[in-house]
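J.: Dumping the structure here so I can ask a few things about it.
The values are calculated or read from the model by the stated rules, or taken from the named source; none is laboratory data. Note that this is a predicted model, so its numbers are computed, not measured. FYI the Cβ positions are ideal-geometry reconstructions off the backbone, even for glycines, and counts take in every protein chain you see. We work out accessible area using only protein heavy atoms, side chains counted, and drop any ligands, DNA or RNA first. Shrake-Rupley method; radii C 1.70, N 1.55, O 1.52, S 1.80 Å.
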Amino acid sequence: EHSSARIERFLTLSAEANIRVANCSTPAQYFHILRRQITTQRKPLVIFTPKSLLRSTAAVSRFSELTSGEFQPVIGDSLEASNVRKIVFCTGKVYYDLVAAREAKKIDDIALVRIEELYPFPDLPVSELLAKYRSDVELVWCQEEPRNMGAWRFTYSYFKGLSRVLKYAGRTRNASPAAGSAKRHAEEQKRLIEDALK
């Protein structure tokens, strides 16, 4: 049953800094956002973190990342900015699928950027990150959810406000958030990852 974790429903409710919506991709990020919640940010917090990341060997943090540092609303890529032809923005678990595919295909000119806090949208960190890259770099939003769900429409409007064109890589519009069969889900997942990294 997916109705309790429909990120687009919470983003629709987001306005006037009333809540915070996040999708943490590492244990350190999860720790720091909870620590921030009890110290400085006393707004309702909605976190989308799937159970599969608890079992993932890729989604790990060093102990030092927990004992120091702070929550990062945007996590950039370590690729040399001058060599990048495309930046794929995403949030949550799909990042690890993109990393695995990028490594398997030996792609070294596509940067992967995680938006960890969707609302309030991190306009300034995103603008500062984009300033490091060439102005003609292609921008893509990748998500696992169908096009009419997830964070796509929400993030698209913010990038439009930054005067940047954001393309889409993900599932087509659908009435249901789930594919209905594991085989179809795997096929769709493979297709959206390929679309993002082409």
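J.: Search the stretch 139-157 for residues being open to solvent by 60 Å² or more (accessible area, probe 1.4 Å) and in contact (Cβ under 8 Å) with a residue 24 or more places away in the chain, and hand back the single one that is nearest to P177 (Cα to Cα). Quick ask: steps written out before the conclusion?
T.: At the first step, the residues of the stretch 139-157 found to be open to solvent by 60 Å² or more (accessible area, probe 1.4 Å) are 145, 147, 153, 156-157.
Then keep just the ones that are in contact (Cβ under 8 Å) with a residue 24 or more places away in the chain; that gives 145, 147, 153.
Details: E145: 6, R147: 10, R153: 15 Å.
Filtering first and then ranking leaves E145.
J.: Additional query: Kindly indicate whether any position in the stretch 123-132 is touching a residue at least 24 places away in the same chain (Cβ under 8 Å), part of a loop (DSSP other than H, G, I, E, B) and out of contact with any Asp or Glu (no Cβ under 6 Å at 6 or more places or on another chain). It would help to see each step written out before you state the result.
T.: The initial filter retains those residues of the stretch 123-132 that are touching a residue at least 24 places away in the same chain (Cβ under 8 Å), namely 123, 125-127, 129-130, 132.
Filter once more, keeping what is part of a loop (DSSP other than H, G, I, E, B): 132.
If we keep only those that are out of contact with any Asp or Glu (no Cβ under 6 Å at 6 or more places or on another chain) too, we end up with 132.
Yes, the stretch 123-132 contains at least one residue that is touching a residue at least 24 places away in the same chain (Cβ under 8 Å), part of a loop (DSSP other than H, G, I, E, B) and out of contact with any Asp or Glu (no Cβ under 6 Å at 6 or more places or on another chain).
J.: Quick check: anything in the stretch 96-117 in contact with a Lys or Arg (Cβ under 8 Å, 6 or more places away or on another chain) and either open to solvent by 70 Å² or more (accessible area, probe 1.4 Å) or assigned to a helix (DSSP H, G or I) (or both)?
T.: Within the stretch 96-117 (the criterion being in contact with a Lys or Arg (Cβ under 8 Å, 6 or more places away or on another chain) and either open to solvent by 70 Å² or more (accessible area, probe 1.4 Å) or assigned to a helix (DSSP H, G or I) (or both)), the answer is no, since none of the residues qualifies.
J.: I'm told N23 meets every condition in (1) in contact with a Gly (Cβ under 6 Å, 6 or more places away or on another chain); (2) among the polar types (S, T, N, Q); (3) within 22 Å of V165 (Cα to Cα) except one. Can you identify the failing condition by its number?
T.: (3)
J.: Would you mind listing the helices (runs of 4 or more DSSP H) fully within the stretch 1-86 where at least 1 residues are open to solvent by 60 Å² or more (accessible area, probe 1.4 Å) and touching a helix residue (DSSP H, G or I) at 6+ places or on another chain (Cβ under 7 Å)? Steps first, please.
T.: Details: elements: 7-12, 27-39, 52-55, 63-67.
Here the list reads 27-39, 63-67.
J.: Please identify the pairs in which a residue from the stretch 160-187 that is at positive phi has its Cβ atom under 7 Å from the Cβ atom of a residue that is assigned to a loop (DSSP other than H, G, I, E, B) and modelled with pLDDT under 85, counting only partners at least 6 apart or on another chain.
T.: none
J.: Does Y156 fit the bill of being assigned to a helix (DSSP H, G or I) and over 25 Å from L53 (Cα atoms)? Let's see the steps before the verdict.
T.: Numbers: assigned to a helix (DSSP H, G or I): yes; over 25 Å from L53 (Cα atoms): yes.
Answer is yes for this residue.
J.: Only one of these conditions is not met by S135: (1) over 22 Å from F48 (Cα atoms); (2) in a helix (DSSP H, G or I); (3) of a type outside the set (V, I, T). Which number is it?
T.: (2)
J.: Among R20, R55, R6, which is the only one that is more than 21 Å from C142 (Cβ to Cβ) and either touching a residue at least 12 places away in the same chain (Cβ under 8 Å) or of a type in the set (F, W, Y) (or both)? Show your work before the answer.
T.: Values: R55 fails: either touching a residue at least 12 places away in the same chain (Cβ under 8 Å) or of a type in the set (F, W, Y) (or both); R6 fails: more than 21 Å from C142 (Cβ to Cβ).
Just one listed residue meets the conditions, R20.
J.: I would also like to ask the following. What's the number of the condition F121 fails, among (1) touching a strand residue (DSSP E or B) at 6+ places or on another chain (Cβ under 7 Å); (2) surrounded by 19 or more Cβ atoms within 10 Å (Cβ to Cβ)?
T.: (1)
J.: Still on this structure: Name every residue in the stretch 78-99 that is more than 26 Å from E8 (Cβ to Cβ) and either aliphatic (A, V, I, L, M) or touching a residue at least 12 places away in the same chain (Cβ under 8 Å) (or both), in order of residue number.
T.: Narrowing the stretch 78-99 to residues more than 26 Å from E8 (Cβ to Cβ): 78-85.
Across the stretch 78-99, the qualifying residues are L79, A81, S82, N83, V84, R85.
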